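Heads up, the thing below is written out as structure tokens.
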Amino acid sequence: MTRLTAIFLALIFALSAGAARAQVQTAPEAGFAPPDSGGIQIVWEVRNRFRLFREERDFALQVEAMASGRSVLAAEGALELQSDGRGWARNTVGRLCIDPTGRVNSPCTRDGVKEDYLTPADHAVTVHLAGAVPVGAVCAWTFSDNDAPPIQSTLDCAEPINLRVRYGRTTTASVDVSSGSEAPLHDATPITVRDILIAGLGDSIASGEGNPDRPVALSDDGFCFRSYLEGSTGQYFRPSRKNYKGARACESAPGSTNELFNWQKLGAQWFNAACHRSLYSYQTRAALALAVQYPHIAVTYLPLACSGATIPEGLLGSMRARECLVTKTAMNCAGTVGGQVAELHEALAAAQRRQPERGLDLVFLSVGANDINFSGLVADVIVDSATERTLFQRSGLIGNVEDSRSTLARTLPQNFQRLRRALKPLVGGDLSRVVFVSYANPTLAGGAPCPGGLAGFDIHPAFNARPERLAKTSRFVESEFLPQLKNIVQCTGGTICDGRGDVMTFVDQHQRAFEDHGFCARSQSDPQFDQKCFRADGDSFVTDIVQAAANPLTCGEAASRFRAYLPRARWIRDANDSYFAAMTYPLAARTASQPTDIHDATWGVLSAVYGGAIHPTAEGHAMMADAAWPAAAAILGLPPVEAGVTREPIEPIAPKR
């Protein structure tokens, strides 16, 4: 590490030294010490209050990252550097209260205590005394909820107290402070934990597509794919998966099921593979930010968004799974995922059987892009080879602006009406509690459409972002899709809604920031690997198949040096990013043409785009979260956050590797 890098890290990592008592940009404590308390004050907070996390250390990491009033975006940048681009979620993903199939663990053991995730019986809190506490003073504490016997403890006033307070009840904390000959001091305060239930619904933008919790580990040697292209050998090499021991050449015998299983075991990992749900999703980050910012709440978050979802298939009905769930011993290709609204309804019904007063407080939602076939528009822009275009057009994988425009005008408003009717009973008839976070235009940099070309798309020999098709799609997104989507959500611009309570809370403040960070944005501060190895002229990969088998990169660097989670000017994954970060083989999306050979040309195309091409990076999701969580806080009636408020000294920490 250079001295300049070390200084930079020290600046961004000015994080709190005491994780258990660290505070960030929190709302002011309710009230101040009363006049007769001698300046002392009881201060309390909920511990590990983002309840998706089973272990407090994972929440403490986020508290530290957002110290001193940092935004989610600034925190993500700090965590990216701290992890050397490997990502903070790679460790957290194995410590959640939701299993890889999407089922809530019941009970979930959090910090050694078994809890019901959706209906907690109590919450862990920590209490300490602040203010003008005499040195060496002794505190006699009493905690009472007027039901169970009081809890009493006497200890040094410098020591915090950890206890569990019952859900739905107020516990009164009182303290008597004695110090030598000085007059005793007294303070008391109520402790009431508000547990907020938040659901995340929607499509790939909502699920976090493009940002696997644990990116694929790349090998430095090449892996052969067949190509539909005429001429040459019909083969090309790209980086393989690390530790894959099977045949890397296209001439190998047809792969066995065991070979495919061994390949898939080395893939990227998501906390839910069937939907490509990621902890980097703006929905997860916004819910997490609420928990970080407000010490007196707990956040119970239920992620249900699924990559590929439309309103009819995904939200209101079932849909095909994104890929198989791979364990150490088996590969489960369930094939379908239940409708998100039905799953949410079922979860709420189960919760209300145990706690009748339990209700859904808030929904994060993004949907509509798949309904107008945005992926087909992307394919139309980047698939350039005549052979591939013909094949994809026949199979319906390539769309056009005209068809998307017709769907936007006729079908999408009707689908939204159906969605409104389904969601309304879940939020007490008030759809303002649905925070609809809009998309950003992924094709802009410097406020203008990207110029197109091979840069970022030379991962596949058939790709080339044609400028004329790109410009047409960009204009449609900017001037038609995004404005009309806003009208539909807000019941304006001629959109007919059923009645009062139909208007969702609409969030689009992040769109302006994305205008400078589309898929073609580049900067001298981008990772050195990107600058050196992803060439603008489309010459990033070796074409000679003998040389490419040893190292497919023309830059001569090892592919394993790529880091999916480092700060970049682009907040949108291009096709190169998609392959290098996820390299997805969508086994669960079975069709009549599903290949069985892992070198097949179909998987060559899909592995380059199915893992998140033209989706936000972790930084992009962080920017969206920064737009979303204040809107959520306002709906929930949480007080405005005071910028820059901290309660503990901020000290730098060394980057973790």
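The values are calculated or read from the model by the stated rules, or taken from the named source; none is laboratory data. Note that the structure is predicted; figures quoted are calculated from it, not measured. Cβ coordinates were reconstructed from backbone atoms using ideal geometry, including for glycine residues, and neighbour counts include every protein chain displayed. Areas reflect the complete protein model, heavy atoms only, side chains present, ligands, DNA and RNA absent. Shrake-Rupley method; radii C 1.70, N 1.55, O 1.52, S 1.80 Å.
In the stretch 502-517, what residues are within 24 Å of L362 (Cα to Cα) and either open to solvent by less than 30 Å² (accessible area, probe 1.4 Å) or among the charged types (D, E, K, R) (or both)?
D502, M504, F506, V507, D508, H510
Exactly one of these conditions fails for S219: (1) over 26 Å from F463 (Cα atoms); (2) among the hydroxyl-bearing types (S, T, Y); (3) surrounded by 15 or more Cβ atoms within 10 Å (Cβ to Cβ); (4) modelled with pLDDT of 95 or more. Give me its number.
(1)
What about T646, is it under 23 Å from C306 (Cα atoms), open to solvent by 10 Å² or more (accessible area, probe 1.4 Å) and at pLDDT below 90?
No, not satisfied.
Can you pull out every residue in the stretch 100-113 that is closer than 16 Å to R47 by Cβ, open to solvent by 10 Å² or more (accessible area, probe 1.4 Å) and of a type outside the set (D, E)?
Correct list: T109, R110, G112, V113.
I'd like to know if the stretch 299-316 contains one or more residues that are crowded, with 20+ Cβ neighbours inside 10 Å, at pLDDT 95 or above and in contact with a His (Cβ under 6 Å, 6 or more places away or on another chain).
Yes, there is a match, as at least one residue in the stretch 299-316 is crowded, with 20+ Cβ neighbours inside 10 Å, at pLDDT 95 or above and in contact with a His (Cβ under 6 Å, 6 or more places away or on another chain).
Give me the pairs: first residue in the stretch 525-538 and within 11 Å of C555 (Cα to Cα) and open to solvent by less than 20 Å² (accessible area, probe 1.4 Å), second residue hydroxyl-bearing (S, T, Y) and in a loop (DSSP other than H, G, I, E, B), beta-carbon distance under 8 Å, and six or more apart or on different chains, which are they?
C533/S540; C533/T554
Have a look at A60, A75 and point out the one that is open to solvent by less than 10 Å² (accessible area, probe 1.4 Å), of a type in the set (G, A, S) and not in a loop (DSSP other than H, G, I, E, B).
Every option except A75 fails the conditions.
Condition (residue is of a type outside the set (S, T, N, Q), closer than 28 Å to A633 by Cα and more than 23 Å from the chain's Cα centre (by Cα)) applied to the stretch 503-513: is it met by at least one residue?
Among the residues of the stretch 503-513, at least one is of a type outside the set (S, T, N, Q), closer than 28 Å to A633 by Cα and more than 23 Å from the chain's Cα centre (by Cα), which makes the answer yes.
Just checking, which of A369, A287, A350 is touching a residue at least 12 places away in the same chain (Cβ under 8 Å), in a helix (DSSP H, G or I) and farther than 17 Å from N272 by Cβ?
Result: A350 is the single residue among A369, A287, A350 that is touching a residue at least 12 places away in the same chain (Cβ under 8 Å), in a helix (DSSP H, G or I) and farther than 17 Å from N272 by Cβ.
Pick out the one residue from G200, G210 that is within 30 Å of A268 (Cβ to Cβ) and touching a strand residue (DSSP E or B) at 6+ places or on another chain (Cβ under 6 Å).
Result: G200 is the single residue among G200, G210 that is within 30 Å of A268 (Cβ to Cβ) and touching a strand residue (DSSP E or B) at 6+ places or on another chain (Cβ under 6 Å).
Hey, among the residues in the stretch 123-144 that are open to solvent by 20 Å² or more (accessible area, probe 1.4 Å) and within 28 Å of A291 (Cα to Cα), which one's nearest to the chain's Cα centre (by Cα)?
A124
Residues to consider are S153, S181, S227, S232; find the one that is open to solvent by 40 Å² or more (accessible area, probe 1.4 Å), in contact with a Ser or Thr (Cβ under 9 Å, 6 or more places away or on another chain) and at pLDDT below 95.
That would be S232, the only listed residue that is open to solvent by 40 Å² or more (accessible area, probe 1.4 Å), in contact with a Ser or Thr (Cβ under 9 Å, 6 or more places away or on another chain) and at pLDDT below 95.
Pull up the stretch 369-399, narrow it to residues that are β-branched (V, I, T) and more than 25 Å from I205 (Cα to Cα), then point me to the one that is most open to solvent (accessible area, probe 1.4 Å).
Restricting to residues being β-branched (V, I, T) and more than 25 Å from I205 (Cα to Cα), the top hit is T390.
Restricting the search to the stretch 552-561, which residues are within 16 Å of D458 (Cα to Cα) and either in contact with a helix residue (DSSP H, G or I) (Cβ under 6 Å, 6 or more places away or on another chain) or buried (at least 19 other Cβ atoms within 10 Å of the Cβ) (or both)?
P552, L553, C555, A559
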